[in-house]
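The values are calculated or read from the model by the stated rules, or taken from the named source; none is laboratory data. All values derive from a computational prediction rather than experimental measurement. Note: ideal-geometry Cβ built from the backbone for every residue, glycine included; neighbour counts use all protein chains shown.
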Amino acid sequence: MTSERLRPFMSAVPLPLIGHARSRGCSLGLTAALLLWPIHTWATDVTPASAEQVAELMTRDLVGAPGKEVLMITVKYLAGAASLPHRHDAQVFVYVLEGEVTMQLQGQAPVTLRPGQTFYEGPNDIHEVSANASQTAPAKILVFMLKDKAKPASRAVPTKSGP
């Protein structure tokens, strides 16, 4: 899988904003884009410096469902990191491997999950909060996604702007 396909997963804001990390090396162009994130747009939203390490474990065609695939990844959030609001247009199953993460879907209360606990996102859900609940320790999740092959794994959604 190309890093472009996982790019939406790599959009996180460290809380507080200090540094960034990537599971793969940064090129000069990518570094410049990350430094200029307040004015850089990706899709219809802003892409901040990354505080996630994403690793693809497996991608397979879904047998008996033409045009569908299964994607399995791990996402490691640095201490205090949080993703921007996004959606997957897929069924997403999350299993917490390490640390604690706070998840919230639009219209629902936030939940904090610990190792061994799970979370589900439906194809129409807006994932408003996906954050490491700790300011001092990393967190790691396993993500299993059933998606259309033609669609990206994740896409940004416009954030609500204040008055």
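Take the residues in region 118-163 that are of a type in the set (V, I, T) and more than 25 Å from L97 (Cα to Cα); name whichever of them is modelled with the lowest pLDDT.
T159
With respect to (1) crowded, with 20+ Cβ neighbours inside 10 Å; (2) modelled with pLDDT of 95 or more, the lone exception for P48 is condition (2).
When you scan region 94-114, do you find a residue that is in contact (Cβ under 8 Å) with a residue 60 or more places away in the chain and buried (at least 17 other Cβ atoms within 10 Å of the Cβ), even just one?
Checked region 94-114: no residue is in contact (Cβ under 8 Å) with a residue 60 or more places away in the chain and buried (at least 17 other Cβ atoms within 10 Å of the Cβ).
Taken over region 117-142, the criterion of being closer than 15 Å to V75 by Cβ and exposed (fewer than 14 other Cβ atoms within 10 Å of the Cβ) is satisfied by T118 alone. Among residues of region 120-141 that are among the basic types (K, R), those with a Cβ under 8 angstrom from a residue that is not in a loop (DSSP other than H, G, I, E, B), sequence gap 6+ or separate chain, pair up as K140/T74; K140/V75; K140/K76; K140/Y77; K140/V96; K140/L97; K140/E98. Scanning region 81-116 for residues that are in a loop (DSSP other than H, G, I, E, B) and under 11 Å from I141 (Cβ atoms) turns up G99, E100, P115.
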